[in-house]
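Here is the structure we will look at.
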Amino acid sequence: MTAAQLARKGIASVVIEGGGRAGRGTAYSTIDPAHLLNVPAGSMSAWADVREDFARRTGDETTFAQRRDYGAYLRSILDEAVANGCVTLIRGTASRADRGERGWTIGVEGQAPVGADALVLAVGNQPPGRLAALDGAGDRLISNPWTASAREAIAEVAATNAPVLIVGTGLTMVDVVLSLEAQGHGGQIVALSRRGLIPRGHAAYDAAPVLFEDLPKGNVTTLLLWLRRRAADVGWRAAIDSLRPHSQALWQSLGAKDQRRFLRHARPWWDVHRHRIAPQVARLLVEMIGEGRLQVVAGRVQASRSIDGLAEVIIRQRSQPDVAASRVAYVFNCTGPLHSIAQTIDPLLSKLLGRGYARADDLGIGLAVGDDSRVEGGERLWAVGPLTKGAFWEIVAVPDIRVQAAAVADDIARELA
Ligand SMILES: Cc1cc2nc3c(=O)[nH]c(=O)nc-3n(C[C@H](O)[C@H](O)[C@H](O)COP(=O)(O)OP(=O)(O)OC[C@H]3O[C@@H](n4cnc5c(N)ncnc54)[C@H](O)[C@@H]3O)c2cc1C
């Protein structure tokens, strides 16, 4: 999106992409038709100023399109910019970046370095972090659900109806369940997380907008109490969505102490109400839970081991003193993107952090950036998307990222005059 915005202004850019999914990224490179957008087509345009751009393709702005179709849409925007000569696409992993008198030099594994006047970091979500209690599961553990080995494991258990354990009960869990279901898996699925909360479904509601002046700021407890009262009056969907236009400013009003309290105590509730799933997907989950095919458990994994080609996992359910062992064919780590940026294995990010070109934000979940998305301490260095969630929080979905991408392109144009 940033490259396309720059192309609109006649600014040439080089896009370096190392995963073979340029334009699509992790979310939209899925090939599984069961994976749907969790935002209606009408809100998924890549351009904030051409709202109907994606919905024109689907013919209905209320539809929850397949994510692979959305990936094709984004890729077509990139292809157009490449065809116009504004974007050069390099397939390779960016492994370092150095700032010299003549600007940035970006090292690309196995290829010649790339020179640039400005550098934008758009490396997205980092793969899930390690769960020490699952180390013992050996090759029965799928530590990254977005890989080819995860697809192979799903195909294998679907063919044998073997039981699986999914650790994490958010949107990634939903994806794995949908893939298993689409492939005809008839075995038991247990989904486990500390609180056992699962994403709620979208449904029509009457919007109840609020003014920023009328919202409590600076304290997470007061904000949540406001939200609860408001939900009782107008319904929880209308209440939570009324915060959307103000969420970045509200987040910044909290300050680091209350932001930490939010992450520790409120985040799971926020996520399941705010990041909702398509209605048909929500219905399917309810059906599967009702039939006992999907069991959602609140608890945590204590230990694991690999035995007789299975994973044996020791689980302690919430508020229960005893532990229980269960044997499954595979355990999927669906705990979501890495929470601590310092643990990133991305070579470019590690080098930038290690050499002081960038630093972690106060919460340690992304990079420290200013309101203009410029990386603090870096020169002519910007970050976009999930990397900036410490500064903006609501910056992981397309309706927010597209605004940021346009603003960054404007800022780059001003900077380069
Ligand atoms: C499964 C899933 C479903 C989602 N569904 C929705 C949805 O329905 N609606 C919505 O609005 N939002 C959704 N999101 C959120 C959102 O759209 C994504 O977070 C968004 O795509 C992030 O875009 P990005 O370009 O910053 O990162 P990504 O799309 O992750 O792209 C980052 C790219 O950088 C590459 N890369 C990383 N490091 C390097 C390196 N060192 N060198 C070269 N290349 C590198 C990666 O290969 C990747 O292609 C979803 C997210 C996920 C994970």
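Every number in this text was worked out from the coordinates using simple rules, so none of it is lab data. Fair warning: this is a prediction, and the values are worked out from it, not measured in the lab. Please note: Cβ atoms are built from the backbone with ideal geometry, for glycine as well, and neighbour counts cover all protein chains shown.
Were the residues from ALA360 through ILE289 laid out at 0.36 nm apart, the gain over their Cα-Cα distance would be 21.6 nm. Between helix 148-160 and the chain there is an angle of about 20 degrees, using the helix long axis and the longest principal axis of the Cα atoms. Extension gain for the segment ALA342 to ALA298, taken as residue separation times 0.36 nm less the Cα-Cα distance, is 13.0 nm to one decimal. For the chain, the longest principal axis of the Cα atoms and the long axis of helix 220-234 meet at an angle of about 70 degrees. Distance from the C-alpha centroid of the stretch 325-396 to that of the stretch 77-139: 14 Å, rounded to the whole angstrom. Non-local lysine pairs in the chain, meaning eight or more places apart or on different chains, with alpha-carbon distances under 29 Å, amount to 6. Close amide H pairs (under 5 Å, H built 1.01 Å from N) link ALA360 with ALA368, residues at least 5 positions away or on another chain. By other beta-carbon atoms within 10 Å, ranking TYR70, TYR28, TYR205 with the fewest at the front produces TYR205, TYR28, TYR70. On C-alpha positions alone, give me the angle between the axis of helix 279-290 and the longest principal axis of the chain, in degrees, nearest 10. Rounded to the nearest ten degrees, it is 20.
For GLN126, the residues whose amide H sits under 5 Å from its own are LEU338, ignoring neighbours fewer than 5 places away on the same chain, with H placed 1.01 Å from N. Charged neighbours of LEU74, selected by a Cβ distance under 14 Å, balance to +2 (K, R count +1; D, E count -1).
Just to be sure I understand: of the beta bridges DSSP finds with both ends in the chain, what percent are antiparallel, rounded to 5? About 55 percent, rounded to the nearest 5. With a cut-off of 11 Å between beta carbons, the residues surrounding THR30 carry a summed charge of +2, where Lys and Arg count +1 and Asp and Glu -1. The GNM of the chain, with springs linking C-alpha atoms under 10 angstrom apart, assigns the highest mean-square fluctuation among GLN183, GLN404, GLN126 to GLN183. Computed over the chain, the per-residue total of -39500 (n - 2.57) for DSSP H runs of n ≥ 4 gives a 222 nm mean residue ellipticity of -10000 deg cm²/dmol, rounded to 500. Report the calculated FRET efficiency for SER319 and VAL210 (r = Cβ-Cβ distance, R0 = 45 Å), to the nearest 0.05. Computed FRET efficiency for SER319 and VAL210 comes out at 0.80.
The shape of the stretch 1-139 comes out oblate: with a ≥ b ≥ c from the C-alpha gyration tensor, a/c is at least 1.5 while a/b does not beat b/c.
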